[in-house]
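The structure appears right after this line, and notes come after that.
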Amino acid sequence: MTKTTGETKGKTDIFENIYALSKRRGFIYPGSEIYGGLAGTWDYGPLGAELKRNLKNEFWKFAVWERDDVVGLDASIIMNPKVWEASGHLESFSDPLAECKKCHHRFRADKIKENKCPDCGGELTKAKKFNLMVETYLGVIEDEKQKTYLRGEITQGVHVNFKNIVSSTRVKLPFGVAQVGKAFRNEITPGQFTFRSREFEQMEIQFYTKPDADISMEWFEYWKKERMNWYVSLGMKERNLRFHKHGKDELAHYAKAAFDIEYNAGGEWKEMEGIHNRGDWDLRRHGEYSKTDMAYFDEETKEKFLPWIIETSGGVDRAALFFLIDAFFEEKTGDREFRIVLKLHPKLAPYKAAVFPLLANKPELVKLARSIYKDLKKEWMVAWDERGNIGKRYRAQDEAGTPFCVTVDFDSLEKNDITVRDRDTMKQERIKIGELKEWMKEKLQ
Ligand code: ATP
């Protein structure tokens with residue numbers, strides 16, 4: 001695992017377990033590994049790509065498809081640098097950085113309890129502000145004029161499009177804009193696997209309300225509940241979730257009120273999503289810096305005003321990591337046998353089913369299994385396996401989190417049915433081949 005420093009030390013067992021499983025099964029690999037890696041970057045393998053895609057699709061369904069008052073957006077990663085002046089990121093988007101005078105390792109000062117280096121015990125320098133924005137240059141000349149940034153949060157793409165969205169759609173206050181996309185931060189201490197990366201994805205709703213403290217706080221409470229319930233609806237255990245209220249000293253430069261949804265990762269409560277009341281900070285600042293009137297005209301009351309914003313901002317990678325941790329079980333299955341199983345919600349599981357012929361050297365079994373496999377693949381991501389014995393295939397699918405294993409045996413040829421084995425209970429039942437798809441549809445709801 002990539003060596004990490006500072007806050008990343010301590011209870012890493014669960015992170016190590018998930019890291020090992022991820023690497024072994026193809027969920028997540030270290031970025032640019034053959035070149036020694038690049039700290040804070042990760043690549044999603046075949047299973048991880050499916051998990052992340054499922055997670056984002058579920059978010060999009062929840063945020064956009066199932067609602068009348070939220071629309072979607074996909075803004076660009078690179079924006080006019082003035083955006084970041086206006087949003088306050090160039091001035092205030094920083095963490096306190098301290099350096100060890102002895103080994104010169106750098107740390108986030110706010111994550112270290114004593115003024116001693118966690119790596120060598122040396123004395124640390126006084127903390128100074130370190131800006132997290134990742135710089136980049138557009139065009140062929142590297143000068144200040146061409147300097148821009150990879151977005152540090154996906155939020156601003158929504159606010160700069162506020163007027164476009166109001167004028168091109170039929171949205172009326174209160175309404176929201178959902179977005180999913182990459183963000184980049186020059187984190188001082190990336191680590192704990194994907195928890196703190198330098199490139200990551202966010203899933204957000206920016207919800208505009210009337211500029212009224214009571215109304216906006218009602219929506220704030222509403223979204224807190226909605227977002228917490230969303231994680232629970234996808235199988236995350238309630239006992240591993242809690243809200244953390246930001247104290248005055250924790251509030252971001254734009255926030256009037258903020259709560260985090262935290263996940264208990266092996267005994268450590270970690271931030272997974274932030275719910276913030278941003279007031280009119282973003283629209284006001286963009287109005288000032290772009291000299292554009294960002295006000296909303298309320299046709300009913302004939303009033304013009306700057307709406308307030310309630311934001312829900314979750315990390316796709318953090319959620320994926322915590323769903324993996326939450327689903328990870330080591331179970332005893334016999335006297336000396338145990339299995340590792342990922343009890344992922346079927347909606348998130350990379351493969352919805354795996355299909356096996358009982359014996360790979362019996363063409364009639366392979367033929368029937370193959371036709372079932374091809375048919376299921378029209379609807380879902382499905383795995384095929386004919387290697388080794390059936391027990392080994394079950395273990396492999398348990399580790400991949402596949403909810404159902406379908407086996408074609410000799411009885412199948414006569415009776416037109418197959419065995420379906422349930423990942424969590426390990427129970428098996430016979431189901432008619434013609435009824436399998438309907439049966440699965442019901443289970444995958
Ligand atoms: P932290 O305090 O952990 O640095 P933050 O409060 O700066 O996080 P926000 O700016 O509120 O985070 O971003 C919203 C969400 O984006 C976070 O809750 C998290 O899920 C995700 N996120 C933020 N930074 C990272 C990162 N470096 N790597 C992975 N996900 C991140």
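The values are calculated or read from the model by the stated rules, or taken from the named source; none is laboratory data. Quick caveat: nothing in here was measured; it's all calculated off a predicted structure. Here the Cβ positions follow ideal geometry from the backbone for every residue, glycine too, while neighbour counts run over all protein chains shown.
Quick notes on this structure:
- Considering only residues in region 260-275 that are of a type outside the set (D, E, K, R) and within 11 Å of the ligand (Cβ to nearest atom), the one that is farthest from Leu90 (Cα to Cα) turns out to be Tyr263.
- Residues of region 158-208 satisfying the condition of being under 15 Å from Ala75 (Cβ atoms) and of a type in the set (D, E, K, R): Lys163, Lys182, Glu201, Glu204
- Among the residues of region 150-195, the ones that are in contact with a Phe, Trp or Tyr (Cβ under 7 Å, 6 or more places away or on another chain) and among the aromatic types (Phe, Trp, Tyr) come to 2 in all.
- For region 143-159, the criterion of being surrounded by fewer than 16 Cβ atoms within 10 Å (Cβ to Cβ) and under 28 Å from the mean Cα position of the chain (by Cα) is met by no residue.
- Helices (runs of 4 or more DSSP H) lying entirely in region 124-241 (those with 1 or more residues that are assigned by TED's automatic domain parsing to the domain that holds Gly279 and more than 16 Å from the ligand (Cβ to nearest atom)): 162-168, 213-233
- Which listed residue is in the same structural domain as Phe62 (by TED's automatic domain parsing), in contact (Cβ under 8 Å) with a residue 12 or more places away in the chain and surrounded by fewer than 17 Cβ atoms within 10 Å (Cβ to Cβ), from Arg318, Arg284, Arg278: Arg284
- Condition broken by Glu114, with the remaining ones in (1) more than 16 Å from the ligand (Cβ to nearest atom); (2) at pLDDT 90 or above satisfied: (2)
- Here the strands (runs of 3 or more DSSP E) wholly within region 276-339 that include at least 1 residues being within 16 Å of the ligand (Cβ to nearest atom) and either in contact with a Ser or Thr (Cβ under 8 Å, 6 or more places away or on another chain) or of a type in the set (A, V, I, L, M) (or both) are 308-315.
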